[in-house]
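Working notes, structure below.
The values are calculated or read from the model by the stated rules, or taken from the named source; none is laboratory data. Keep in mind that what you see is a predicted model, and the values were worked out from it rather than measured. Note that each Cβ is placed from the backbone with ideal geometry, even for glycine, and that neighbours are counted across all protein chains shown.
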C-alpha cells in the first residue's frame, strides 16, 4: 500500500504522498478511522438492541465526554512534551484491544449495557490522545508548502473511512450481528498500530526538555492563552464547537430514523452514513485539489450555518431517497467547515503549541458527545424529529452570532504558518460587545499578547 501511495505522489493533487512518513501516517489514519467509523454504527446499534432506549442511545455516545473533559488538556500538553509516534501507536493498540474484548463478550453471550459504557470511556480516552498526536505529526512529515495538500489528503482519507466504515458495519451486523463488526474493528486498529510503529525518524523539536520541566497546569494554561489570543485559531475552534455540539449530534439518532421512521434497518442506517460520506469525499476532494484558492474563513463559516439548516430539513424528510440526498449535502457542509478549521488551526499554530491547539480542536470536535447526550434527552421529551430540527436551527443561529461577533473571521485566508506578528493581537477593541465587558476583559488580562516568537 505504501508503494501505491508513493505512485500517487507523482500527481500534483497528491504531492504530500511523496514523503514516506506522511504515507505511513495516511495508512495509519485509514485503518484507524475505518475502525472508528464502524464503531459509530455498531456501538449505537448494540446499545439500542440491548436497551431499546433513545436515552441510552444518547448516553452511549455522550459518556465519551467524560475522558474528553478530564484528559484533553493533559493530552495536548503530553503531545508537545513526549514522543508523538509512541503516543499514537500505544493508544491505537489499546483501542483495538477494547474492540476485541467487546467482540468476545458478544460471541459468548455475556454482553451487557455497562460493558458498552466502559468500552466507550476507554476508547474515548485513547481517542483524546490519538487525535492531537496524529494531526501534529502531519505538519512534521511534510514541508510547509505542502501542508494544505497534506491536510486535504488526511481529510479525504478520513471521509473515505466515513463512507466505507458504516457500510461495512451495517453489512457485517446484518450477516453476523455486532460481534463480527467489533472483531473487524479490532483488526483495523491493530493494523493502524503496525503502520504507526513503522514511522521513521522525525525532526527534533527544540525546547522539548525545557517544556518537560514546566508544570503541566502552566503548560496547559499557556496553550489556552495562545489559542485565545490568536484570532484565526479562536474563530476556527468556536466554529467547530458550534457545529460539533449542536449540529452533528443528529447522527446519534440515526438508528431511530432508520428503524422507526424510515423503516430501513441497520443496512439503511449504514447507507445514510455512507451518503454523508459521499458528500464528505466530494468536499475533501475539492479541498485537496483547490484548497489553496479557497477563502478559508468565508467557506468554513458559510458551510457551518448551511449545515444547521440542512439538518432541519432532514428531520422532517418523509422519504428515504430524499434523506439520502440531504445526507450528501450535510457531508459536504460538515467537511467544508471542519477540514478548513483544521487547516487554519494548524497553519496559525507554531510547532511549540501545535499539540495543545490541536487538543483544543479535538475537544471542540468531541463536544459532539455532550450534544449526543442532550439530543437523546431532548428526543425523549419532544420526539426525535423535533429534537434534531431544534438543535440544527440553534446551530445555524449560533454560527450567525459568531460571524456578527467576529466579522474579521470571514477574511481568514492562509497557506502556511505566517510570521508571529501577523497572527498577533487578540484585539479587544474589535469585539462587538458592550464597553463594560471590554473593561472587565482588560482587567483580567484577556487582551495581553504572548511574547513574540518566530514561526515554526
Legend entry - Among (1) surrounded by 21 or more Cβ atoms within 10 Å (Cβ to Cβ); (2) at pLDDT 80 or above - the single one residue 280 does not satisfy: (2)
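If you check 156, 87, 189, which single one turns out to be in contact with a helix residue (DSSP H, G or I) (Cβ under 8 Å, 6 or more places away or on another chain) and farther than 25 Å from residue 331 by Cβ?
Values: 156 fails: farther than 25 Å from residue 331 by Cβ; 189 fails: farther than 25 Å from residue 331 by Cβ.
Just one listed residue meets the conditions, 87.
I'd like to know if region 411-418 contains one or more residues that are crowded, with 19+ Cβ neighbours inside 10 Å, under 23 Å from the mean Cα position of the chain (by Cα) and modelled with pLDDT of 75 or more. Walk me through it before giving the result.
Of the residues in region 411-418, the ones crowded, with 19+ Cβ neighbours inside 10 Å are 412, 414, 417.
Retained after the next criterion (residues that are under 23 Å from the mean Cα position of the chain (by Cα)): 412, 414, 417.
With modelled with pLDDT of 75 or more added as a condition, the list becomes none.
There is no residue in region 411-418 that is crowded, with 19+ Cβ neighbours inside 10 Å, under 23 Å from the mean Cα position of the chain (by Cα) and modelled with pLDDT of 75 or more.
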Inset, instruction - Could you list, in sequence order, all residues of region 68-103 that are in contact (Cβ under 8 Å) with a residue 24 or more places away in the chain and within 25 Å of residue 49 (Cα to Cα)? - result: 95, 96, 97, 98, 99, 100, 102, 103
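Against the condition more than 25 Å from residue 133 (Cβ to Cβ), part of a helix (DSSP H, G or I) and modelled with pLDDT under 70, how does residue 436 come out, does it pass? Working first, answer last.
Numbers: more than 25 Å from residue 133 (Cβ to Cβ): yes; part of a helix (DSSP H, G or I): yes; modelled with pLDDT under 70: yes.
When the stated conditions are applied, residue 436 passes them.
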Inset, instruction - Could you tell me which of the residues 27, 44 is within 20 Å of residue 370 (Cα to Cα), modelled with pLDDT under 90 and assigned to a helix (DSSP H, G or I)? - result: 44
Legend entry - Listing of helices (runs of 4 or more DSSP H) fully contained in region 109-222 that carry 3 or more residues being surrounded by 17 or more Cβ atoms within 10 Å (Cβ to Cβ) and at pLDDT below 75: 147-197
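Matching residues to (1) over 17 Å from residue 401 (Cβ atoms); (2) crowded, with 24+ Cβ neighbours inside 10 Å; (3) at pLDDT below 85:
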| residue | (1), (2), (3) |
| --- | --- |
| 240 | no, yes, yes |
| 247 | no, yes, no |
| 254 | yes, yes, no |
| 290 | yes, no, yes |
| 294 | yes, no, yes |
| 308 | no, yes, no |
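For residue 395, indicate whether it is farther than 18 Å from residue 255 by Cα and either surrounded by fewer than 20 Cβ atoms within 10 Å (Cβ to Cβ) or out of contact with any strand residue (DSSP E or B) (no Cβ under 9 Å at 6 or more places or on another chain) (or both).
Values: farther than 18 Å from residue 255 by Cα: yes; either surrounded by fewer than 20 Cβ atoms within 10 Å (Cβ to Cβ) or out of contact with any strand residue (DSSP E or B) (no Cβ under 9 Å at 6 or more places or on another chain) (or both): yes.
It is true that residue 395 is farther than 18 Å from residue 255 by Cα and either surrounded by fewer than 20 Cβ atoms within 10 Å (Cβ to Cβ) or out of contact with any strand residue (DSSP E or B) (no Cβ under 9 Å at 6 or more places or on another chain) (or both).
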